[in-house]
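The values are calculated or read from the model by the stated rules, or taken from the named source; none is laboratory data. Here the structure is a predicted model, which means the values were calculated and not measured. Glycine gets a Cβ as well: all are built from the backbone with ideal geometry, and neighbour counts include every protein chain shown. With ligands, DNA and RNA removed, areas are computed over all heavy atoms of the protein, side chains included. Shrake-Rupley method; radii C 1.70, N 1.55, O 1.52, S 1.80 Å.
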Amino acid sequence: MSAREDILGRIRSALRDAPVAPPIPRDYRAASGLGEEALIEMLVDRLVDYKAQVSVVEAAEVPERIAELLADARSYVVPAGFDAGWLAGLDGGRRHVDSISAPLSLAELDSIDAVVTGSAVAVAETGTIILDASPDQGRRAISLVPDHHICVVNVADIAGILPEALRRIDGTRPLTMISGPSATSDIELERVEGVHGPRRLDVLIAR
Amino acid sequence: MRIALFATCIVDAMYPRTAQATVSILERLGHEVVFPPAQACCGQMHVNSGYLKEALPVVANHVEAFSSDDYDVAVAPSGSCVASVKHQHPMVARSCGDTALEARAAAVGSRTYELSELLVDVLGVTDAGAQLGSYFPHRVTYHPSCHGMRLLRLGDRQSRLLRSVTGIDLAELPEADQCCGFGGTFSMKNADVSSAMLADKTASIAATGAALCTGGDASCLMHIGGGLSRQGSAVTTLHLAEILASTVDSPASVVGDVRVTTGKATR
Amino acid sequence: MSTFLGMPSLPVFGSGNLHATESFAKAARHELGNGQLRANLGHATHTIRDKRLKVVSELPDWEQLRDAGSAIKESVMARLPELLEQFEEKFTARGGVIHWARDADEANDIVTRLIRETGETEVVKVKSMATQEIGLNEYLEEQGISAFETDLAELIVQLDHDKPSHILVPAIHKNRTEIRDIFLREMPGADPALTDDPAMLAMAARAHLRRKFLNAKVAVSGANFALADSGTLAVVESEGNGRMCLTLPDTLITVMGVEKLLPTWQDLEVFMQLLPRSSTGERMNPYTSLWTGVTEGDGPQNVHLVLLDNGRSAALADEMGRSALHCIRCSACMNVCPVYERTGGHAYGSTYPGPIGAILSPLLTGIQSEENSSLPYASSLCGACFDACPVKINIPDILVHLRSVDVDSKRGMKKVPSQMDAGMKAASWALSSGKRLGLIEKGLPIGRLAAGPDKKITKLPGIAAGWTQSRDIPAPPAQSFRSWWAKEHRSPDVKEAPAPTQQKEDQA
């Protein structure tokens, strides 16, 4: 008998008392009911709590702000689908573009200082940004290896609480949920920001 | 109201004054107390030690003793024993295959109350000083026992009653919600861990400067008091029923180095 | 073949790092003697308790989420075969490969074979309870394959040749100075100027592992959740070591217990609210990765999942104990447990310590396995674990249940009953009749005599010596309440309430 058949048989046998699957009570909150300003305020508060740097800017100011944040980066990478308009005013010499059809090597990514991506959706209550590897966010490796991640969040993509956010996501895409820069609580359960993932996270909330 | 007292075995044999105080409080409120003579023990020690088969006759005896229509509600000065009556008795009956006993046990459990629960929820006591004449001019700290807190969800019923005693100086116990380490046979089977838990509890009690530690469970108080006694501490333990029963004319006796607080009463 | 259709098979228990080798009480005694351990654990568990309470109190619907989480897990257990098959179909359709492992050995063999097929001799690992349970690292080492733990705490434990003592923070028993010393001693190229500042220690780990991540061809992980309706796997982490392992190598091998399934994507919204708040006391953990089979051009192109039984089906067969499989490994129960706080995780022997370990380990191995029968007694039944559990596993009730399984399994096996057996039998007789108890209480004055002039009993024999090791027993009263009541109520005119002081001398 294969291990599969054996294990499924054991499980069926273990359930010979035929337990009934109970109905799932879903009377927890399905939405926050917060307005746009409150959502922005909460998201900012939570991200700052995680030691991320946050700025809320008008969409027109995004290119300028990105340029400021990249001022000290010797090089940066953007996914091929990133809004080119947001990179206006940046010299192309420092720029690397990554895509599935033309991926950078890990060695190349490791030598790059910063990465700029968009985002799929954000969760105000938990300070979480979800990347779903869409063309404006790119392969998962690019937002991981460089030490500085600049992430643009459109105000329209801010959800109040997690259930609202997950409803907007296709769960079968490669997903990364990011809540602040990398951190650890492994030493005496005290949180320390900055381990293997990007140690610096800048979030630009674009109105 | 006709109230059946479940004294619990430990109070019956070791701390009769706690049961006497319970009777006194209830009679002062104008209720009649009866003592079903067939009662003995809730059987919790057996259940918690895994001896369900041995627990069954103890449970059956309790259910039989309290199945009478001769009373309105039953009360016990112990959160742990009441939790056992309510939660464990039907389980023991069920696991031993006695469905008739299970139903009767559930019926007994549904009209059994822990003392503070009965006083606050059923008898409407909100001010022990005014309604019971409770008077206890001492600095006291209070340990909320685990089963009252977590199985019966007594909340602040006991501490509210204590706070309303005239003259009392109630000192907040640090880490009050931490178990004292008793746990029935746990205190013997895992005596070292139990002793370590007890040492932290008695240190917290000492830090309050209270003369007495009170609570709603005689077993936990025996454990804490036994530790204090072994450490040579002057601090003692006293069941909250005895504090509530204490009056100006008939004060509860307390042993040890008890300072009477004057002018510092919180009430 | 001796398989008879329709015949329920006997439970098949698990193997691996699930066994205590000495009784809990004995192991606890060594650990209690370690003052540094006590101090480290006390500090860490109190820190995390406060954080958890703060973030849990922020959510107005915490109890509703717990109810939903509990019901979802109960439903998973009831539907497990069907959900496993559904998951397998979806995961396979997306290019993943499923392997089934009956026990620890089989799982270790599968992982070894998969690594060998890549030609590699080094793998990076994301912290995983399942691989800890099956002893994968030790097994791979025997096979000439080096497995590098990349979670900071796992790295600390691995460098120190120690064992994890907590499921979330395996090095919780070490303080910062001890960790600094381990790094200086064991980490190649560690900066001699390394201080015990946690931020600096984290940076040392980053530098140490960076090359490993960038060069790794094979990673081994566990999984926190598996969604049956989409074939998606999830890993919840903090440091980014998980993302490194799950994203950069060519081959990813995940080992996961069969109970980790969730029926639908929607269920994730419940568990991703429950888990981070219960484990690290954060609103959300820094990183969660989800993958569904293979995505062309993004992440590992060879994706495997080893579905592990190793005693889970046996635990499932225990109707009263099966909800232990609802556990999402958050560690909230151990962080609030007064026993764990004082003994630490090593005293439990198994990979799974604390209250959940005290039920899960004997359920997975069978209660008669080695010293695991002592684990259900490692609790005062205070109930703090049940209150903290995000999926409402009634740990105290299962502890009591397993105690009864233990007691029953030993009935009739001993030639001479233990003191506990004899005592319980005698107590059952005495305490099942008011008359008998009353008669015994007539002997209370003898106890008073035994107590002597100090009015306390300070030494008892046999199992009761455990009590008098640190506690006295007061001298019993001159008469029981029962006797007093009988005297007071013999004639109907004696109705006056007793003054509480009446027996002052008797009880003093």
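State the number of residues belonging to the range C:22-40 that are within 14 Å of residue C:165 (Cα to Cα), among the charged types (D, E, K, R) and either at pLDDT 90 or above or loosely packed, with under 15 Cβ neighbours inside 10 Å (or both).
1
Hey, any hits in the range B:3-14 for a residue that's open to solvent by 10 Å² or more (accessible area, probe 1.4 Å), at the interface with chain C (Cβ under 9 Å from one of its Cβ atoms), under 30 Å from residue C:446 (Cβ atoms) and without any contact (Cβ under 8 Å) to a residue 24 or more places away in the chain?
Yes, there is a match, as at least one residue in the range B:3-14 is open to solvent by 10 Å² or more (accessible area, probe 1.4 Å), at the interface with chain C (Cβ under 9 Å from one of its Cβ atoms), under 30 Å from residue C:446 (Cβ atoms) and without any contact (Cβ under 8 Å) to a residue 24 or more places away in the chain.
Which numbered condition trips up residue C:219, out of (1) out of contact with any helix residue (DSSP H, G or I) (no Cβ under 9 Å at 6 or more places or on another chain); (2) open to solvent by less than 10 Å² (accessible area, probe 1.4 Å); (3) of a type in the set (Gly, Ala, Ser)?
The number of the failed condition is (1).
Of the conditions (1) surrounded by fewer than 22 Cβ atoms within 10 Å (Cβ to Cβ); (2) hydrophobic (A, V, I, L, M, F, W, C); (3) assigned to a strand (DSSP E or B), residue B:140 fails just one. Which one is it?
(1)
What pairs come out if I take residues in the range C:448-461 that are more than 9 Å from residue C:476 (Cα to Cα) and open to solvent by less than 100 Å² (accessible area, probe 1.4 Å) and pair them with residues that are of a type in the set (S, T, N, Q) and not in a loop (DSSP other than H, G, I, E, B) whose C-beta lies under 7 Å away, six or more apart or interchain?
C:458/C:468; C:460/C:468
For the range C:239-251, does any single residue satisfy the condition of being over 21 Å from residue C:209 (Cβ atoms) and either open to solvent by less than 10 Å² (accessible area, probe 1.4 Å) or more than 7 Å from chain A (Cβ to nearest Cβ) (or both)? If you could, list the steps in order and put the result at the bottom.
Just the residues of the range C:239-251 that are over 21 Å from residue C:209 (Cβ atoms), to begin with: none.
No, that holds for no residue.
Across the range C:145-189, which residue is surrounded by the fewest Cβ atoms within 10 Å (Cβ to Cβ) among those that are closer than 24 Å to residue C:121 by Cα, of a type in the set (Gly, Ala, Ser) and away from chain A (no Cβ under 12 Å)?
So the residue we want is C:189.
Looking at the range C:407-427 only, could you name the residues that are aliphatic (A, V, I, L, M) and over 20 Å from residue C:371 (Cα atoms)? Even if it seems obvious, please write down each step before you answer.
Kept after step one, since they are aliphatic (A, V, I, L, M), are these residues of the range C:407-427: C:407, C:413, C:416, C:420, C:422, C:424, C:426-427.
Passing the criteria: C:416, C:422, C:424, C:426, C:427.
Count, please, the residues in the range A:138-152 that happen to be open to solvent by 10 Å² or more (accessible area, probe 1.4 Å) and part of a loop (DSSP other than H, G, I, E, B).
Result for the range A:138-152: 3.
I'm trying to understand the selection: among the residues of the range C:41-70, which are exposed (fewer than 15 other Cβ atoms within 10 Å of the Cβ), under 30 Å from residue C:403 (Cβ atoms) and among the charged types (D, E, K, R)?
C:63, the sole residue that qualifies.
Would you check if there is a residue in the range C:198-209 being open to solvent by less than 10 Å² (accessible area, probe 1.4 Å), within 26 Å of the chain's Cα centre (by Cα) and closer than 30 Å to residue C:145 by Cα?
No, the range C:198-209 contains no residue that is open to solvent by less than 10 Å² (accessible area, probe 1.4 Å), within 26 Å of the chain's Cα centre (by Cα) and closer than 30 Å to residue C:145 by Cα.
Among the candidates C:382, C:330, which residue alone is free of Cβ contacts under 8 Å to residues at least 60 places away in the same chain and either crowded, with 24+ Cβ neighbours inside 10 Å or within 26 Å of residue B:145 (Cβ to Cβ) (or both)?
Numbers: C:330 fails: free of Cβ contacts under 8 Å to residues at least 60 places away in the same chain.
So the residue among C:382, C:330 that is free of Cβ contacts under 8 Å to residues at least 60 places away in the same chain and either crowded, with 24+ Cβ neighbours inside 10 Å or within 26 Å of residue B:145 (Cβ to Cβ) (or both) is C:382.
Is the range A:44-53 home to any residue that is open to solvent by 80 Å² or more (accessible area, probe 1.4 Å) and away from every other protein chain (no Cβ under 14 Å)?
Scanning the range A:44-53 turns up at least one residue that is open to solvent by 80 Å² or more (accessible area, probe 1.4 Å) and away from every other protein chain (no Cβ under 14 Å).
I need the full set of residues from the range C:476-490 which are part of a helix (DSSP H, G or I) and either facing chain B (nearest Cβ under 7 Å) or buried (at least 17 other Cβ atoms within 10 Å of the Cβ) (or both), in order please.
If the condition is that a residue be part of a helix (DSSP H, G or I) and either facing chain B (nearest Cβ under 7 Å) or buried (at least 17 other Cβ atoms within 10 Å of the Cβ) (or both), then C:481, C:482, C:483, C:484, C:485, C:488 are the ones that fit.
Looking at the range B:55-72, is at least one residue outside any helix (DSSP H, G or I), at pLDDT 95 or above, touching a Pro at 6+ places or on another chain (Cβ under 8 Å) and on the phi > 0 side of the Ramachandran plot?
No, the conditions are met nowhere in the range B:55-72.
If you scan the range B:152-175, which residues turn out to be in a helix (DSSP H, G or I) and either polar (S, T, N, Q) or open to solvent by 40 Å² or more (accessible area, probe 1.4 Å) (or both)?
The answer is B:157, B:158, B:159, B:160, B:163.
Quick check on the range B:25-34. Is at least one of its residues farther than 15 Å from residue B:118 by Cα, crowded, with 24+ Cβ neighbours inside 10 Å and in the same structural domain as residue B:107 (by TED's automatic domain parsing)?
no
Would you point out the residue of the range A:155-200, among those that are facing chain C (nearest Cβ under 9 Å) and assigned to a strand (DSSP E or B), that is surrounded by the fewest Cβ atoms within 10 Å (Cβ to Cβ)?
Applying the filter and picking the extreme gives A:193.
Determine whether residue C:404 is more than 30 Å from residue C:478 (Cβ to Cβ) and at the interface with chain B (Cβ under 7 Å from one of its Cβ atoms).
Numbers: more than 30 Å from residue C:478 (Cβ to Cβ): yes; at the interface with chain B (Cβ under 7 Å from one of its Cβ atoms): yes.
It is true that residue C:404 is more than 30 Å from residue C:478 (Cβ to Cβ) and at the interface with chain B (Cβ under 7 Å from one of its Cβ atoms).
So, in the range C:274-290, how many residues would count as being open to solvent by 10 Å² or more (accessible area, probe 1.4 Å) and within 7 Å of chain A (Cβ to nearest Cβ)?
Qualifying residue count, the range C:274-290: 2.
Go through the residues of the range A:101-112 one by one and say whether even a single one is in contact (Cβ under 8 Å) with a residue 40 or more places away in the chain and under 25 Å from residue A:196 (Cα atoms).
No, there is no match, as no residue in the range A:101-112 is in contact (Cβ under 8 Å) with a residue 40 or more places away in the chain and under 25 Å from residue A:196 (Cα atoms).
Which one of these is farther than 17 Å from residue B:116 by Cβ, open to solvent by 10 Å² or more (accessible area, probe 1.4 Å) and away from chain C (no Cβ under 13 Å): B:95, B:67?
From the options B:95, B:67, the qualifying one is B:67.
Mind listing whichever residues of the range A:83-135 are outside any strand (DSSP E or B), more than 9 Å from chain C (Cβ to nearest Cβ) and under 12 Å from the mean Cα position of the chain (by Cα)? Talk me through it step by step, then tell me what you get.
The first filter runs over the range A:83-135 and keeps only residues outside any strand (DSSP E or B), leaving A:83-94, A:99-113, A:118-120, A:124-127, A:132-135.
Narrowing further to those that are more than 9 Å from chain C (Cβ to nearest Cβ): A:83-94, A:102, A:104-105, A:108, A:111-113, A:118-120, A:124, A:132, A:134-135.
A:118, A:119, A:120, A:132, A:134 - these are the residues of the range A:83-135 that are outside any strand (DSSP E or B), more than 9 Å from chain C (Cβ to nearest Cβ) and under 12 Å from the mean Cα position of the chain (by Cα).
Specify which of the listed residues (C:358, C:324, C:347) is in contact (Cβ under 8 Å) with a residue 24 or more places away in the chain and either away from chain B (no Cβ under 14 Å) or in a loop (DSSP other than H, G, I, E, B) (or both).
Being in contact (Cβ under 8 Å) with a residue 24 or more places away in the chain and either away from chain B (no Cβ under 14 Å) or in a loop (DSSP other than H, G, I, E, B) (or both) holds for just one of C:358, C:324, C:347, which is C:324.
In the range A:5-36, which residue that is more than 21 Å from the chain's Cα centre (by Cα) and of a type in the set (Asp, Glu) is farthest from the other protein chains (Cβ to nearest Cβ)? Explain how you work it out, then say what you get.
Filtering the range A:5-36 down to residues more than 21 Å from the chain's Cα centre (by Cα) leaves A:5-30, A:33-35.
Narrowing further to those that are of a type in the set (Asp, Glu): A:5-6, A:17, A:27.
Details: A:5: 9, A:6: 6, A:17: 6, A:27: 5 Å.
Checking each candidate, the answer is A:5.
Got a sec? Which of B:214, B:236 is touching a residue at least 60 places away in the same chain (Cβ under 8 Å), β-branched (Val, Ile, Thr) and either open to solvent by less than 10 Å² (accessible area, probe 1.4 Å) or out of contact with any Cys (no Cβ under 6 Å at 6 or more places or on another chain) (or both)?
The match here is B:214.
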